[in-house]
Amino acid sequence: MTKHEHANVSVATKKPTWLKVTYDQKKVDKMEDMLKGMKLNTVCAEANCPNLGECFGSGTASFIILGPNCTRACRFCDIPHGNPQKVDLFEPLRVAQATKKLELSHVVVTSVDRDDLPDLGADQFVRTIHAIRELNPDTTIEVLTPDFQGRTDCLDKVIAAKPDVFNHNMETVRSITPKVRNRATYDCSLGVLKYVKEHAPKETYVKTGIMLGLGEKDDEVYQLMDDLRAVDVDFLTIGQYVQPGPKNYRLREWVPMERYQKYYKEAMSRGFKFVASSPLVRSSYKAKEELESVYNK
């Protein structure tokens, strides 16, 4: 470990004040009880999102399909790794029913990686999109998908279902990707975004997100932005990595707000349609507002 890394560790151990969020626990408990009663998982709870209180408290959620256990073990992630469950063919209907019950005007559907399935989980995304549209014709839909191992046949299935936003996260810069992602590669993820942009309907927005605080440098973040704009990605989210536990990838830095603001300006100057850059930003955080801002332009 270098002297510079030692310095970052000492800074990273001091949690900033913005990480201490408060919320109405009764509202959160009510929301969790309802979703558990419908046998549904949310990425809000499974990934210990710091915005859980705000989103649950306002009656919104991002649904995670295909079970709670992931077939990969990325070092930054808090979602359980283990034997995956059988595909529940009634899950799409329950997501659609929950969307209707919660009166959601925008819903985010994501999933764990399911490398064990022949279709890698693509068909369940399609079934869920169709089910939501059947019961909630006015609800806009965002999918946050795995990389599907770069398989275009899987991407084609989800694209054909016409989600309003197709999101796949880059997570971090090129040099750090192999250190924190299991099986996934920088070029594969970039290829997924490129393929979707080229083959999805023009009205489908393409989105990605990254974390800061993993040890990335300014020039690497700018190169990532350039790579994304080269394939015409529309939306970019930038948030703070929060180390879930001692076995996860070590947090290098609590990134100051000034740098988020700098990255926001740099990203907007490159032509992204929408950029969210702040410590508490997560890929699906305020996704509804993001889409509405583009529609209202």
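A few notes on this one:
- Against the list (1) farther than 25 Å from Phe63 by Cβ; (2) in contact with a Lys or Arg (Cβ under 8 Å, 6 or more places away or on another chain), the condition Val206 fails is (1).
- Asp227 meets each of the listed conditions (1) of a type in the set (Asp, Glu); (2) in a helix (DSSP H, G or I); (3) loosely packed, with under 15 Cβ neighbours inside 10 Å apart from (3).
- Pairs where the first residue, in the stretch 159-171, is of a type in the set (A, V, I, L, M) and the second is open to solvent by 10 Å² or more (accessible area, probe 1.4 Å), C-beta under 6 Å, 6+ apart: Ile159/His199; Ile159/Ala200; Ala161/Val126; Val165/Tyr205; Met170/Ile210
- Within the span defined as the stretch 238-251, one or more residues are charged (D, E, K, R) and modelled with pLDDT of 95 or more.
- Scanning the stretch 110-143 for residues that are farther than 23 Å from Asn83 by Cβ and either modelled with pLDDT under 95 or within 20 Å of the chain's Cα centre (by Cα) (or both) returns Val126, Ile129, Ile132, Asp138, Thr139, Thr140, Ile141, Glu142, Val143.
Quick grid of which residues meet (1) surrounded by 14 or more Cβ atoms within 10 Å (Cβ to Cβ); (2) aromatic (Phe, Trp, Tyr); (3) at pLDDT 95 or above:
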residue	(1), (2), (3)
Met1	no, no, no
Lys27	yes, no, no
Cys49	yes, no, no
Ile64	yes, no, no
Asp78	yes, no, no
Leu89	no, no, yes
Val108	yes, no, no
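Matching residues to (1) of a type in the set (Lys, Arg); (2) surrounded by 21 or more Cβ atoms within 10 Å (Cβ to Cβ); (3) over 19 Å from the mean Cα position of the chain (by Cα):
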| site | (1), (2), (3) |
| --- | --- |
| Gly191 | no, no, no |
| His199 | no, no, yes |
| Leu212 | no, yes, no |
| Phe235 | no, yes, no |
| Gln243 | no, no, no |
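The values are calculated or read from the model by the stated rules, or taken from the named source; none is laboratory data. In this text the structure is predicted, and so the values were computed from the model without any measurement. Positions of Cβ are generated from backbone atoms using ideal geometry, with glycine treated the same way; all protein chains shown enter the neighbour counts. Accessible surface areas use protein heavy atoms only, side chains included; no ligands, DNA or RNA. Shrake-Rupley method; radii C 1.70, N 1.55, O 1.52, S 1.80 Å.
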